[in-house]
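Asks: Structure below; questions to follow.
The values are calculated or read from the model by the stated rules, or taken from the named source; none is laboratory data. It should be emphasised that the depicted structure is a prediction, and the values quoted were computed from it without experimental measurement. A quick note on method: Cβ atoms are made from the backbone with ideal geometry, for glycine too, and the neighbour counts reach across all protein chains shown.
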Amino acid sequence: MEDDTGSIPADSAPESLSPPINKRKFDPRLAFWTFLVGCSVGAVVEFFFRAIMHDVIDYRANLVLSPFLVIYGFGTLVMYFGSLINAHKNVFRMFIYGFIACSLLEYASSLVAEYAFGVRTWNYSYMRFHINGRVSLQHAVYWGALAVAWYLLMMPTAEKLLGKIPRLVYKRLTMGLAIYVTVDVIVTIAAFTRWNMRLEGIPPSSFIGEVLDAVFSDGYMSMVFAGIK
């Protein structure tokens with residue numbers, strides 16, 4: 001229904017498109033896509049960073065079925081929550097938020113990886129101004145810069161793109177990818193567990209164990225988790 005000016009009132013907008021995204025209100029679907037984009041872009045950033053800064057070409061991932069680096073996904077998720085409370089687009093505040101919050105996340109992730117799985121996925125002991133090799137001043141600055149870039153560039157772009165997807169497609173695509181990532185996480189934990197058991201000389205005790213050994217060989221697991229120690 002049109003008003004006197006010939007335009008369509010906001011409350012009469014077609015239901016087929018995704019609803020407008022409100023930055024001040026938590027949107028679980030946008031949060032999931034934030035996590036997913038972070039995992040993907042993070043893997044690309046890590047690849048080129050290591051290639052340029054360390055002259056090392058390798059494959060870095062945290063999941064066996066997807067080229068994702070989960071730490072970056074959680075990092076961008078932290079940035080998303082920061083954007084909810086930074087309504088005035090204060091760049092300095094967003095930098096400080098990313099600097100502190102993402103560094104805390106990185107430290108906590110390192111602790112979980114070491115004490116839950118017995119591995120160290122990174123160690124900054126060789127750098128100046130580090131804390132137990134888990135976080136460093138240099139990487140904290142990187143996190144702060146990424147938070148600003150996410151808030152000013154990447155998040156607005158993601159909002160515009162997601163807003164153009166038909167609502168039904170948006171919901172189904174989000175649900176499908178959420179299921180896929182959940183399965184990926186479960187399979188990764190199982191494959192990683194069997195990998196450790198193989199290294200200890202423990203044979204599979206079930207058909208599932210045999211399948212995991214056949215599909216996720218030592219060579220493949222070493223490639224996926226190249227950074228662990």
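Rundown of residues vs (1) outside any helix (DSSP H, G or I); (2) among the aliphatic types (A, V, I, L, M); (3) at pLDDT 95 or above, yes/no style:
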residue: G176; (1), (2), (3): no, no, yes
residue: Y180; (1), (2), (3): no, no, yes
residue: V185; (1), (2), (3): no, yes, no
residue: I189; (1), (2), (3): no, yes, no
residue: G201; (1), (2), (3): yes, no, no
residue: G219; (1), (2), (3): no, no, no
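Asks: Same structure, new question: Quickly run through the stretch 78-94 and pick out the residues that are at negative phi and either part of a loop (DSSP other than H, G, I, E, B) or in contact with an Asp or Glu (Cβ under 7 Å, 6 or more places away or on another chain) (or both).
Replies: Result: N86, A87, H88, N90.
Asks: Then there's this: So is E159 touching a strand residue (DSSP E or B) at 6+ places or on another chain (Cβ under 9 Å), of a type in the set (D, E, K, R) and in contact (Cβ under 8 Å) with a residue 12 or more places away in the chain or not?
Replies: Considered against the rule, which asks whether it is touching a strand residue (DSSP E or B) at 6+ places or on another chain (Cβ under 9 Å), of a type in the set (D, E, K, R) and in contact (Cβ under 8 Å) with a residue 12 or more places away in the chain, E159 comes out as no.
Asks: Tell me which of these W122 doesn't satisfy, since it passes every other one: (1) more than 17 Å from the chain's Cα centre (by Cα); (2) more than 26 Å from F26 (Cα to Cα).
Replies: W122 satisfies all of (1) more than 17 Å from the chain's Cα centre (by Cα); (2) more than 26 Å from F26 (Cα to Cα) except (1).
Asks: Still on this model: Scan the stretch 108-129 residue by residue and report those that are touching a Ser or Thr at 6+ places or on another chain (Cβ under 9 Å) and of a type in the set (V, I, T).
Replies: T121 - this is the single residue of the stretch 108-129 that is touching a Ser or Thr at 6+ places or on another chain (Cβ under 9 Å) and of a type in the set (V, I, T).
Asks: Looking only at the stretch 54-79, which residues are hydrophobic (A, V, I, L, M, F, W, C) and more than 18 Å from W122 (Cα to Cα)?
Replies: Residues satisfying the conditions are V64, L65, L77, V78, M79.
Asks: Have a look at V64, V37, V70, V45 and point out the one that is touching a residue at least 60 places away in the same chain (Cβ under 8 Å) and either of a type outside the set (V, I, T) or closer than 19 Å to L105 by Cβ (or both).
Replies: V37
A quick yes/no check of all residues on (1) modelled with pLDDT of 80 or more; (2) outside any helix (DSSP H, G or I):
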| residue | (1), (2) |
| --- | --- |
| P19 | no, yes |
| R29 | yes, no |
| W33 | yes, no |
| C39 | yes, no |
| I52 | yes, no |
| I57 | no, yes |
| S66 | yes, yes |
| I71 | yes, no |
| T76 | yes, no |
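Asks: Only one residue in L84, L69, L63, L104 is of a type outside the set (D, E, K, R) and under 17 Å from T182 (Cβ atoms), so which one is that?
Replies: Matching residue, one of L84, L69, L63, L104: L63.
Residues checked against (1) assigned to a helix (DSSP H, G or I); (2) closer than 19 Å to G73 by Cα:
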position: Y97; (1), (2): yes, yes
position: Y107; (1), (2): yes, yes
position: L111; (1), (2): yes, yes
position: W122; (1), (2): no, yes
position: S125; (1), (2): no, no
position: H139; (1), (2): yes, yes
position: V148; (1), (2): yes, yes
position: L152; (1), (2): yes, yes
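Asks: Output the residues belonging to the stretch 154-168 that are in a helix (DSSP H, G or I) and more than 18 Å from the chain's Cα centre (by Cα).
Replies: K160, L161, G163, R167, L168
Asks: Quick test of your reading of the structure: G201 fulfils all but one of (1) free of Cβ contacts under 8 Å to residues at least 40 places away in the same chain; (2) surrounded by 13 or more Cβ atoms within 10 Å (Cβ to Cβ). Name the failing condition by number.
Replies: Tallying (1) free of Cβ contacts under 8 Å to residues at least 40 places away in the same chain; (2) surrounded by 13 or more Cβ atoms within 10 Å (Cβ to Cβ), G201 fails exactly one: (2).
Asks: Surrounded by 18 or more Cβ atoms within 10 Å (Cβ to Cβ), in contact (Cβ under 8 Å) with a residue 40 or more places away in the chain and either within 30 Å of R194 (Cα to Cα) or not polar (S, T, N, Q) (or both), is that true of F117?
Replies: no
Asks: Against the definition (in contact (Cβ under 8 Å) with a residue 24 or more places away in the chain, out of contact with any Pro (no Cβ under 6 Å at 6 or more places or on another chain) and closer than 27 Å to A226 by Cα), how does L105 come out, yes or no?
Replies: Taking the combined requirement at face value, the residue satisfies it.
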